[in-house]
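Structure, as structure tokens:
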Amino acid sequence: MNIMVIGSGGREYAIGRALSQDAAVEKLYFAPGNGATPALGENVDIKEYDALAEFAKDQAIDLTIVGPEAPLTEGIVDVFKARELTIFGPSKAAAQLEGSKVYMKNFLAKYGIPTASYIETDHIDTAFKFIDTLGTPVVVKADGLCAGKGVIIAPTHDEAKKAASEMLSGKAFGEAGKKVIIEEFLDGYELSMFAICDGEDYILLPAAQDHKRLEDGDQGPNTGGMGAYAPTPLVNDEIYEKVKASVIRPTLDGMQAEGAPFEGVLFIGLMIVNGEPLTLEFNVRFGDPECEILMPLLATPASELFYKAATKQLDTLKVQFKDEYAVGVVMASRDYPYKSSEPAEIVVDEIVHTELAEHSHIAYAGVSEMDGKLFATGGRVLVCVGTGESIRQARDRAYALCGQVHFAGKKLRTDIAYQAL
Ligand code: AMP
Ligand code: GLY
């Protein structure tokens, strides 16, 4: 099988790594890929979706897998499907589950999926009135995609009103903030669940926990994620069953009823409050760094999973996961998430310890290749992944690998998976 992966991050590297170890995969392409993906396949420098679809036809690519949300919300899947190409990801219509928070919240309400109580509005007076009915803190969200910055947890009513005004005036996020969601604050613990969907059937992956804040102890600013682990012991069978019955099934049925069947990765951001899963958000793609720790847990060949999902055959797949844990620690550049940093050469020591070599690896993200050397050129540079029979063992291996990786200004959290230990 020839496969193309769209994207350039650690998530796409992880998908590509799994595919590169899969005997069914002949040629692997990344569009555009990063400085490390040429070790796994071939980078393709084509941006335009029509031209990418042409390329897929010319190279007899059997399956394209889309990593990031931007091409999905822009309709890359529709472009490929119009040419009868097989592609894994949601249509532009289905991608609204992530692209518009208003669409998502109204969808949850319409299909009775538990979530925080909220209003959507583009009127400042309505926003202020609703804020006054809530306790504190108050959650204020911009409607559109804001690169993870569109959610404000305001400690007081005044601060919530200020955030809402700034969004509605267009000052904070431009068009993306001209409609807002005002929402009750949920006090619980957060989980990420991922369902691989084919429109009708799905496969639920082991639950993961991300660490969004920059600093240890969940302090500092929000980031795209500084580390993750799975499966998390914070989820028991009862929670899995509740998520399946009260979130995933009604979502797939609801999207069918809306005429936008959901194919692709349904990423469910959950808050567990008193044992009940409430949906915070949907994303329509894998989490990053969650993908980097979920891929190594997959025992079924990755090509089979994604191909069957893209061709509506998940009902025929018996997916298997390894009986292991995976922990991923992000190494970011010095000024992440504030600004970009100077390129810094990455040096990885030779790993002489065979046990470590066999149970850990690097998923490369914000890296570029220059003169045969690898440089840190992005915010989140790479993820050190460890696997093991326990979370502790996987964590120790991930951190042992971190000790072997060097670049100027490297920044990492030292407490990934602390809630599970
Ligand atoms: P979202 O993009 O909607 O997932 O929001 C980003 C982050 O804000 C989430 O991962 C949560 O940590 C937090 N958050 C969002 N909505 C709520 C809420 N209603 N109550 C508590 N925390 C929230
Ligand atoms: N790690 C969270 C995300 O990818 O949105």
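The values are calculated or read from the model by the stated rules, or taken from the named source; none is laboratory data. Note that this is a predicted model, so its numbers are computed, not measured. A quick note on method: Cβ atoms are made from the backbone with ideal geometry, for glycine too, and the neighbour counts reach across all protein chains shown.
Remarks
- Unique residue being at pLDDT 95 or above and in contact with a His (Cβ under 8 Å, 6 or more places away or on another chain) when the list is 397, 392: 397
- Listed by position, the strands (runs of 3 or more DSSP E) inside region 181-226 whose residues that are modelled with pLDDT under 95 and within 16 Å of ligand 2 (Cβ to nearest atom) number at least 3 are 189-198, 219-222.
- Some residue of region 208-220 being in contact with a Leu (Cβ under 8 Å, 6 or more places away or on another chain) and surrounded by fewer than 21 Cβ atoms within 10 Å (Cβ to Cβ): yes
- Of the helices (runs of 4 or more DSSP H) lying entirely inside region 62-178, the ones with 2 or more residues being within 16 Å of ligand 1 (Cβ to nearest atom) and more than 17 Å from residue 279 (Cβ to Cβ) are found at 69-73, 124-133, 157-168.
- Residue match in region 80-88 (condition: without any contact (Cβ under 8 Å) to a residue 60 or more places away in the chain, of a type in the set (D, E, K, R), under 15 Å from residue 264 (Cα atoms) and out of contact with any helix residue (DSSP H, G or I) (no Cβ under 9 Å at 6 or more places or on another chain)): yes
- Residue check for residue 172: within 25 Å of residue 306 (Cβ to Cβ), surrounded by 20 or more Cβ atoms within 10 Å (Cβ to Cβ) and in contact with a strand residue (DSSP E or B) (Cβ under 9 Å, 6 or more places away or on another chain): no
- The requirement of being farther than 17 Å from residue 215 by Cα and modelled with pLDDT of 95 or more is satisfied by residue 385.
- Residue tally, condition under 9 Å from residue 327 (Cα atoms), under 22 Å from the mean Cα position of the chain (by Cα) and of a type outside the set (A, V, I, L, M), over region 377-398: 4
- From the options 70, 14, 93, residue that is among the small types (Gly, Ala, Ser) and more than 16 Å from ligand 2 (Cβ to nearest atom): 93
- Selection from region 346-355 of residues that are over 14 Å from residue 378 (Cβ atoms) and touching a strand residue (DSSP E or B) at 6+ places or on another chain (Cβ under 8 Å): 347, 348, 349, 351
- Residue match in region 112-124 (condition: surrounded by fewer than 22 Cβ atoms within 10 Å (Cβ to Cβ), of a type outside the set (S, T, N, Q), within 30 Å of residue 241 (Cβ to Cβ) and under 18 Å from the mean Cα position of the chain (by Cα)): no
- Only one of the listed residues (267, 306) is modelled with pLDDT of 95 or more and farther than 23 Å from residue 151 by Cβ. That residue is 306.
- Checking residue 360 against (1) surrounded by fewer than 21 Cβ atoms within 10 Å (Cβ to Cβ); (2) of a type in the set (Gly, Ala, Ser); (3) at pLDDT 95 or above, the condition it does not meet: (1)
- Among residues of region 227-257 being in a loop (DSSP other than H, G, I, E, B) and in contact with a Pro (Cβ under 9 Å, 6 or more places away or on another chain), the one that is farthest from ligand 1 (Cβ to nearest atom) is 231.
- Any chance residue 246 is in contact with a helix residue (DSSP H, G or I) (Cβ under 7 Å, 6 or more places away or on another chain), away from ligand 2 (no atom under 16 Å from the Cβ) and not hydrophobic (A, V, I, L, M, F, W, C): no
- Selection within region 319-339 - more than 26 Å from residue 205 (Cβ to Cβ) and crowded, with 23+ Cβ neighbours inside 10 Å: 333, 336
- Residues in region 258-276 that are in contact with a strand residue (DSSP E or B) (Cβ under 8 Å, 6 or more places away or on another chain), away from ligand 1 (no atom under 13 Å from the Cβ) and not acidic (Asp, Glu): 262, 264, 265, 266.
- Residues that are farther than 22 Å from residue 207 by Cα, crowded, with 17+ Cβ neighbours inside 10 Å and in contact (Cβ under 8 Å) with a residue 60 or more places away in the chain, drawn from region 402-421: 402, 405, 407, 410, 411, 412
- Condition met for residue 366 (within 16 Å of ligand 1 (Cβ to nearest atom) and either small (Gly, Ala, Ser) or out of contact with any Gly (no Cβ under 9 Å at 6 or more places or on another chain) (or both)): no
- Of all residues in region 372-381, at least one satisfies being surrounded by fewer than 21 Cβ atoms within 10 Å (Cβ to Cβ) and without any contact (Cβ under 8 Å) to a residue 40 or more places away in the chain.
- Search result, residues across region 2-61 that are basic (Lys, Arg) and either in contact with a Pro (Cβ under 9 Å, 6 or more places away or on another chain) or at pLDDT below 95 (or both): 11, 17, 47
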